[in-house]
Amino acid sequence: MNRHFLTAVRAIVSKDLRAEWRSRELVGAMALFSLLSVLVFSFALELDKNAREEAISGVLWVSLIFASLLGFNRSLALEQDQGSLDALLLAPVSRSAIFVGKLLGNCLFTLLVALALLPLMTALYGVQLLDGWALLTTIVGVFGFSVIGTLLATLAVQTRSREALLPIALLPICLPFLLTAVRATKGIVSGAPPSEWRVWLQLLAAITIIYLVFCLLLYRFVLEE
Amino acid sequence: MTQHEAENPLAVRPQPRLLRALTIVSALGFAGTLVLGLFVAGTDIQQGQVQRIFYIHMPSFFGAFTAFGATVLGGIIYLWRGSEAWDRIALAGVEVGLAFALINLLTGSIWARPIWNTWWTWDPRLTSAAVMCLTYAAYLMLRAGIENPQRRRSLMSVYGIFAFISVLLTLFIIRIVPDTIHPVIVGASPQNAQGAFEATSGVVVALLPSLLLWLTLMPITLMWHRYRLALRQEAVDALKLKLLGA
């Protein structure tokens, strides 16, 4: 990775951050949506004390993924509507720099929502989500599905029905993240010894790395012309 | 393109002799494995006649595996070389594989009714097999939603490669999440598997030919037919464009 690559990545990330700072439309919508989804789940599943420990990590991750769908879609749709994508393609930067730039922005926004959700859910449900390991799982997991989400959002904005297709494309493919992250979080929340859930965290990290390599290799085909 | 085709792109090119032979062999082979499974293999002591559905159930998954594998291969080669032929193969793989995967789900469901006493249960493996079908259904929806043919080909090649994750997940999920009730025939079944049976020599005699047939001849033959259909479709599209332009 040369300096040119890093400069391009930094430029894209700072552009996204500045746009978000001025409009505040992405993170706000995502945070509100995930909060609503947590509340809806608690009504729909009638989360009592016993059900909570079982279901809470699932509720957390599903809410996060739903919220991120909102963010990924918007982030890439904005690029396309404002013609910024064409400008990026004209610029002499590699496709993978564009990918990493968009990925870091998307990941950061989703992570902000997640960081708000963790203490909130801790307070609302009386489970211990404010824990170093839970935090690490959240960071790795959010990064993981941001990787595949950024690639598929780039794909989905090029289809006719755009927003409608991202959930259909993303949900089945990010299942490995959901599976491992939920299991790891569940183990951590229930206070099980690390030997029981550490393997899920390792698996999550491994899957993330595999997806990252594939996405870096394949992104240039998703974004050509 | 020959002179004849240029004048009439819809002209039916005769089936290659190899394809005709493959079709006949596959059909005969399918009939043969049905006879093996239904009459030659012994009746399972515990499960009775319903166990025979297994001779279709498991091979159909592996047929889907071959077809979806062809989608990955087609996708990789398309991205690498850019030849449309490989994209047609990828699409053929998705459609044939999806049909096989649905046969797999359906036969499993019919078997589960008497053995597990339910048509469906939210077991990890059943769930991931269902998700696999949905992934490829999503492939077809996405594909229909992209107008520019060249963009469609490269985007769907990428998606076809990622979609294979759901196939691998279905294969390996019982090793990762051991709390499944789905039996494993090759190797040891999970502890709480319901309705497992041993792969005795009688079972293998009926299973192996069926497995080989579904793994190779059936998907290849069907995909070849689907490939020819894609050619025909493209000719129709080209003709439509020409007529609209004229």
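The values are calculated or read from the model by the stated rules, or taken from the named source; none is laboratory data. Computed from a predicted structure; not experimentally measured. Cβ atoms come from the backbone with ideal geometry, glycine included; neighbour counts cover every protein chain shown. Surface accessibility is based on the protein's heavy atoms, side chains included, excluding ligands, DNA and RNA. Shrake-Rupley method; radii C 1.70, N 1.55, O 1.52, S 1.80 Å.
In summary, residue A:179 fulfils each of the numbered conditions (1) within 20 Å of residue B:155 (Cβ to Cβ); (2) free of Cβ contacts under 8 Å to residues at least 60 places away in the same chain with the single exception of condition (1). If you go through segment A:16-41 and pick out every residue that is among the basic types (Lys, Arg) and touching a residue at least 24 places away in the same chain (Cβ under 8 Å), you end up with 0.
Kindly check whether there is at least one residue in segment A:149-167 that is open to solvent by 30 Å² or more (accessible area, probe 1.4 Å), within 9 Å of another protein chain (Cβ to nearest Cβ) and in a helix (DSSP H, G or I). Give the derivation first.
Of all residues in segment A:149-167, those open to solvent by 30 Å² or more (accessible area, probe 1.4 Å) come to A:158, A:160-164, A:167.
Keeping just the survivors that are within 9 Å of another protein chain (Cβ to nearest Cβ) gives A:158, A:160-162, A:164.
Filter once more, so that each one left must be in a helix (DSSP H, G or I): A:162, A:164.
There is at least one residue in segment A:149-167 that is open to solvent by 30 Å² or more (accessible area, probe 1.4 Å), within 9 Å of another protein chain (Cβ to nearest Cβ) and in a helix (DSSP H, G or I).
Within segment A:75-86, is even one residue in contact (Cβ under 8 Å) with a residue 60 or more places away in the chain, closer than 20 Å to residue A:181 by Cα and assigned to a helix (DSSP H, G or I)? No, segment A:75-86 contains no residue that is in contact (Cβ under 8 Å) with a residue 60 or more places away in the chain, closer than 20 Å to residue A:181 by Cα and assigned to a helix (DSSP H, G or I). Being more than 14 Å from chain A (Cβ to nearest Cβ) and among the aromatic types (Phe, Trp, Tyr) is the requirement here; does residue B:68 meet it? In short, no.
Applying the condition of being open to solvent by less than 10 Å² (accessible area, probe 1.4 Å) and of a type in the set (Val, Ile, Thr) to segment A:135-148 and asking which residue is nearest to the other protein chains (Cβ to nearest Cβ) yields A:148. Here residue B:51 meets the list (1) out of contact with any strand residue (DSSP E or B) (no Cβ under 7 Å at 6 or more places or on another chain); (2) touching a residue at least 24 places away in the same chain (Cβ under 8 Å) almost entirely, failing just condition (1).
Of the set (1) open to solvent by 20 Å² or more (accessible area, probe 1.4 Å); (2) at pLDDT below 85; (3) within 12 Å of chain A (Cβ to nearest Cβ), all apply to residue B:185 but (3).
Does residue B:17 meet the test of being more than 21 Å from residue B:129 (Cβ to Cβ) and under 16 Å from the mean Cα position of the chain (by Cα)? No, not satisfied.
Yes/no matrix, rows are residues, columns are (1) more than 25 Å from residue B:193 (Cβ to Cβ); (2) within 14 Å of another protein chain (Cβ to nearest Cβ):
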position	(1), (2)
B:53	no, no
B:59	no, no
B:93	yes, no
B:107	no, no
B:110	no, no
B:117	no, no
B:146	yes, yes
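Selection within segment B:10-47: residues that are in contact (Cβ under 8 Å) with a residue 12 or more places away in the chain and over 29 Å from residue B:226 (Cβ atoms). The member of this set that is surrounded by the most Cβ atoms within 10 Å (Cβ to Cβ) is B:41.
So which residues in segment B:132-142 are more than 8 Å from chain A (Cβ to nearest Cβ) and surrounded by fewer than 19 Cβ atoms within 10 Å (Cβ to Cβ), if there are any at all? Answer for segment B:132-142, where residues must be more than 8 Å from chain A (Cβ to nearest Cβ) and surrounded by fewer than 19 Cβ atoms within 10 Å (Cβ to Cβ): B:137, B:140. Scan segment A:32-53 and tell me whether some residue there is in contact with a Gly (Cβ under 9 Å, 6 or more places away or on another chain) and open to solvent by less than 50 Å² (accessible area, probe 1.4 Å). Within segment A:32-53, not a single residue is in contact with a Gly (Cβ under 9 Å, 6 or more places away or on another chain) and open to solvent by less than 50 Å² (accessible area, probe 1.4 Å). Checking every residue in segment B:198-211 against the condition of being more than 15 Å from residue B:52 (Cα to Cα) and modelled with pLDDT of 70 or more gives zero matches. For segment A:42-69, a residue qualifies if it is of a type in the set (D, E, K, R) and either in a helix (DSSP H, G or I) or in contact with a Phe, Trp or Tyr (Cβ under 9 Å, 6 or more places away or on another chain) (or both), and the qualifying residues are A:49, A:52, A:53, A:54. Number of residues in segment B:212-246 that are at pLDDT below 90 and either within 17 Å of the chain's Cα centre (by Cα) or outside any helix (DSSP H, G or I) (or both) equals 1.
Looking at (1) in a helix (DSSP H, G or I); (2) in contact with an Asp or Glu (Cβ under 6 Å, 6 or more places away or on another chain), which is the only condition residue B:206 fails? Result: residue B:206 fails condition (2) only. Taking the criterion of being under 25 Å from residue A:74 (Cβ atoms), at pLDDT below 90 and among the basic types (Lys, Arg), would at least one residue in segment A:147-170 satisfy it? For segment A:147-170, residues under 25 Å from residue A:74 (Cβ atoms), at pLDDT below 90 and among the basic types (Lys, Arg): present.
Taking the criterion of being open to solvent by 60 Å² or more (accessible area, probe 1.4 Å) and over 19 Å from residue B:22 (Cα atoms), the residues of segment B:221-235 that qualify are B:231, B:232, B:233, B:234.
Please enumerate the residues belonging to segment A:97-129 that are open to solvent by 30 Å² or more (accessible area, probe 1.4 Å) and more than 21 Å from residue A:205 (Cβ to Cβ). Matches in segment A:97-129: A:112, A:116, A:119, A:120, A:123, A:124, A:126, A:128. Do we find that residue B:164 is within 14 Å of chain A (Cβ to nearest Cβ), within 24 Å of the chain's Cα centre (by Cα), at pLDDT 90 or above and open to solvent by 20 Å² or more (accessible area, probe 1.4 Å) in this structure? Yes: the conditions hold for residue B:164.
Of the residues that make up segment A:92-105, is at least one of a type in the set (Phe, Trp, Tyr) and in contact with a Gly (Cβ under 9 Å, 6 or more places away or on another chain)?
Looking for residues that are of a type in the set (Phe, Trp, Tyr) and in contact with a Gly (Cβ under 9 Å, 6 or more places away or on another chain), one finds none in segment A:92-105, hence no.
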